[in-house]
Amino acid sequence: MKSIKLLLAAIALFSPVSIASATLQYWQQANINWQSEAGSHINILADEQPAFLALKPYIPLFEQLTGISVGFHALEQSQMRSRRHQDLSEGLGLYDVLPMGITFLGEAQNQGWIEPLQPYLDNPLITDKTWYQLEDISERSLTLCKINNKLYSLPFDFSAPIYFYRKDLFERFNLEVPDTYEQLHATKIKLQRAIDADSKLAGMHAFASRTLPGAGLNTWTVLPVMRAYGAEVLNEQGISTFDSPQTAQSLKMYRNLVTGYGNPENSRLLHFYEIRQLFKHGKLASAILASHFYNEIDTAEESDIWNKWEAAPLPKGPVARETSPWAWAFAINSHSNKKIAAWLFIQWATSEQTAALLSTGGSPPRQKVWHEKLFTLVNKPGFNNAMLWVFEHATPDRLQAGMVEFPVIGEIISQTFSQIFYGADIKQLIKSTDAKINANMHALKTQTKSSQ
């Protein structure tokens, strides 16, 4: 599949007409007029995640297909979120298409900042449902794009935290892949001792996972551990249940996993990008990372350990085995004046044909691409089984499932997690955090009612 990208790049370099005639036929099979918005221009805001960057080289295909010119602006994630919020909250309409994730979807939908997509899907003049095959997109990823069962974005990259590990080291040191968090902690210690006894592995550490505070940062990997222990942040009535023995037990376990012997010395300051780099370059023996990370480490050109890694689902706790599914998706800005052109872009970017191209740089939610291409392309049985588990079992935490309050409550709990990693008393801190969550939930609900 990676050779296809190189071939298309070569064709584009030497013969732009050839690339159009050779590849546009895939999208032209759709029974719609792709040229209906020819001559218009749209702006796309993107995150500097691999999937977005993998899409960028193929945008000339969309421009040739539709006659629509595209401005594609990829920003570092925190900058992207700031730019996105400013554009939407101030009604600027600078970007016609916006990147969307579950942590922001609730607020964007509640404020009327993004378009419901069903009317676009149901319009036969601009959508060929038979060709598009919405049913091929994983229902788990589509769920992350809905509020009250209404679709507000369409996914093009689907991932969840899974356990990446150095298969060669586990075999060499006769270690089993941990099935529980208790086993993961014990494995971290055993693995580090074995690493320390081998001078050739000097500078390597056994394990790392997200620790930096921020809604959507450490919350993404801490929340599934909490759920695995039977803990939750909010109940169905929106009341905090954070102060519980299950919360205390799960946060103590996570703190033990990410600090102390077996972790990098600066483990509490590592951004997830840095954790990826450590694993990629052979300085980390295992980590909890996003499943789409496979695309950065599966060839000799990309990684020092491309033929030495494997992956497994996250360990289980006393109650369940959980993870935090995430879908990077595209949404239409309600203040865009090029909404049809924006929809054509989203339909193209999330189609099976485009997903097949992006499978070398992203993790498409289209099941057909995985079953017909990726499970063969990625020759890692453990990873393939982990992805099947994600597709079949991954469900979001209630707090992350499109809740309007997530940006506020997520920030509160993420700061609590960080303080615990630095040694704060768990029982006292979760008690005070519980009160803070309820106070903020009450204030947010009051604010919502007064604005209606």
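Taken together, the values in this text are just the output of simple stated rules run on the coordinates, not laboratory data. The shown structure was predicted, so the numbers you read here are calculated from the model rather than taken from an experiment. So basically every Cβ, Gly included, is an ideal-geometry build from the backbone, and we count neighbours across all protein chains shown.
Per the Debye calculation on the stretch 125-223 with a single equal scatterer at every Cα and no solvent contribution, log₁₀ I(q)/I(0) for q = 0.15, 0.16 Å⁻¹ amounts to -0.81, -0.85. Under 5 Å between amide hydrogens, built in the peptide plane, is the criterion, and for I147 it picks out Y152 among residues at least 5 positions away or on other chains. The equivalent ellipsoid that matches the C-alpha gyration tensor of the stretch 302-452 spans semi-axes of 35, 28, 13 angstrom, in descending order. 3J(HN,Hα) couplings calculated from phi for the stretch 150-160 with the Karplus curve 6.51 cos²θ - 1.76 cosθ + 1.60 (θ = phi - 60°) are, in sequence order, 10, 7, 10, 7, 10, x, 10, 9, 10, 8, 7 Hz; Gly and Pro show x.
Along the axis of the charge dipole computed for the chain (Cβ charges of +1 for Lys and Arg, -1 for Asp and Glu, origin at the Cα centre), the listed residues L278, A194, P119 are led at the positive end by A194.
Under the simplified labelling scheme, the E176-S89 pair shows an inter-label distance of 5.0 nm, with each label point 7 Å from Cα along Cα→Cβ.
Remark: relative contact order (the stretch 42-137) = 30 percent; criterion is Cα-Cα distance under 8 angstrom and separation of 6 or more residues.
Take every Cα pair under 8 Å whose residues are at least 6 apart in sequence, average their separation, divide by the length of the chain, and the relative contact order is 25 percent.
As a check on your grasp of the helix formula, calculate [θ] at 222 nm for the chain: sum -39500 (n - 2.57) over DSSP H runs of n ≥ 4, divide by the residue count, round to the nearest 500. The helix contribution divided over the chain gives -13000 deg cm²/dmol. Translational diffusion of the stretch 280-331, estimated by Stokes-Einstein from the Kirkwood radius over alpha carbon pairs at 25 °C in a medium of 0.890 mPa s, is 186 µm² per second. The charge dipole of the chain, taken about its Cα centre with unit charges on the Cβ atoms of Lys, Arg (+1), Asp and Glu (-1) only, comes to about 660 debye. Rounded to the nearest 20 debye, the dipole size of the stretch 252-388 about its Cα centre is 460 debye, using +1 on the Cβ of Lys and Arg and -1 on the Cβ of Asp and Glu. Whole-Hz Karplus values for the stretch 246-260 come out as 5, 4, 4, 5, 5, 6, 5, 4, 5, 4, 5, 6, 9, 9, x Hz, taken residue by residue from phi with 6.51 cos²θ - 1.76 cosθ + 1.60 and θ = phi - 60°; glycine and proline positions read x.
In this calculation the C-beta distance from L125 to S199 is compared with R0 = 60 Å, giving a FRET efficiency of 0.30. Near the amide H of I114, within less than 5 Å, lie the amide hydrogens of S334, all on another chain or at least 5 residues away, with H placed in the peptide plane. Secondary structure note: in the chain, about 70% of the DSSP beta bridges are antiparallel.
Since only A443, P50, A231 are under comparison, the one whose Cα sits farthest along the positive direction of the charge dipole of the chain, derived from C-beta charges on Lys, Arg, Asp and Glu, is A231. For the stretch 323-412, a simple Cβ point-charge model (Lys and Arg +1, Asp and Glu -1, everything else neutral) yields a dipole of about 320 debye relative to the Cα centre. Annotation: amide H of H205 within the under-5 Å range of L284, A285, sequence separation 5 or more or interchain, hydrogens built in the peptide plane. Shown here for the stretch 123-163: trypsin sites (Lys or Arg not before Pro) in loop regions (DSSP other than H, G, I, E, B) with at most 10 other Cβ atoms within 10 Å, of which there are none.
Net charge in the neighbourhood of A30 (other residues with Cβ under 13 Å of its Cβ; Lys, Arg +1, Asp, Glu -1) is -1.
By the Kirkwood approach, averaging reciprocal distances over each pair of separate Cα atoms, the stretch 63-103 gets a hydrodynamic radius of 11.7 Å. Applying a threshold of 24 Å to the alpha-carbon distances of K167/K283; K188/K436; K146/K280; K167/K252; K150/K339 flags K188/K436; K146/K280; K167/K252 as lying beyond it. Modelled spin-label separation between K427 and E48, with each label point placed 7 Å from Cα along the Cα-to-Cβ direction: 4.5 nm. Pairwise inverse Cα distances across the stretch 247-336, averaged and inverted, put the Kirkwood hydrodynamic radius at 15.7 Å. With equal scatterers on the alpha carbons only and no solvent term, can you work out the Debye log10 of I(q)/I(0) for the chain at 0.06, 0.09, 0.12 1/Å? So the normalised log intensities are -0.27, -0.60, -1.05.
Classification of the stretch 378-452 by its C-alpha gyration tensor yields an oblate form. The axis ratio a/c (a ≥ b ≥ c) is 1.5 or more, and b/c is at least a/b. The modelled label-to-label distance for the pair Q183/F72, using points 7 Å beyond Cα in the direction of Cβ, is 4.2 nm.
Local charge for W343 was computed over the other residues whose Cβ lies under 11 Å away, with Lys and Arg +1 and Asp and Glu -1, and equals -1.
What the Cα atoms of the stretch 233-278 give is an Rg and a Dmax of 14.8, 42 Å. Karplus-derived 3J(HN,Hα) values for the stretch 201-218, using 6.51 cos²θ - 1.76 cosθ + 1.60 with θ = phi - 60°, are 9, 4, x, 8, 10, 7, 7, 7, 8, 4, 9, 4, x, x, 5, x, 9, 5 Hz; glycine and proline are entered as x.
Taking the charge dipole of the stretch 273-427 about its Cα centre, with +1 at Lys and Arg Cβ atoms and -1 at Asp and Glu Cβ atoms, the residue from A394, N333, N307 reaching farthest to the positive side is N333. Tell me whether the stretch 56-205 comes out rounded, prolate or oblate; compute the Cα gyration tensor, take square roots of the eigenvalues as a ≥ b ≥ c, and use a/c under 1.5 as the rounded threshold. Verdict is prolate for the stretch 56-205. When both the stretch 329-366 and the stretch 177-255 are represented by their alpha-carbon centers, they are found 34 Å apart.
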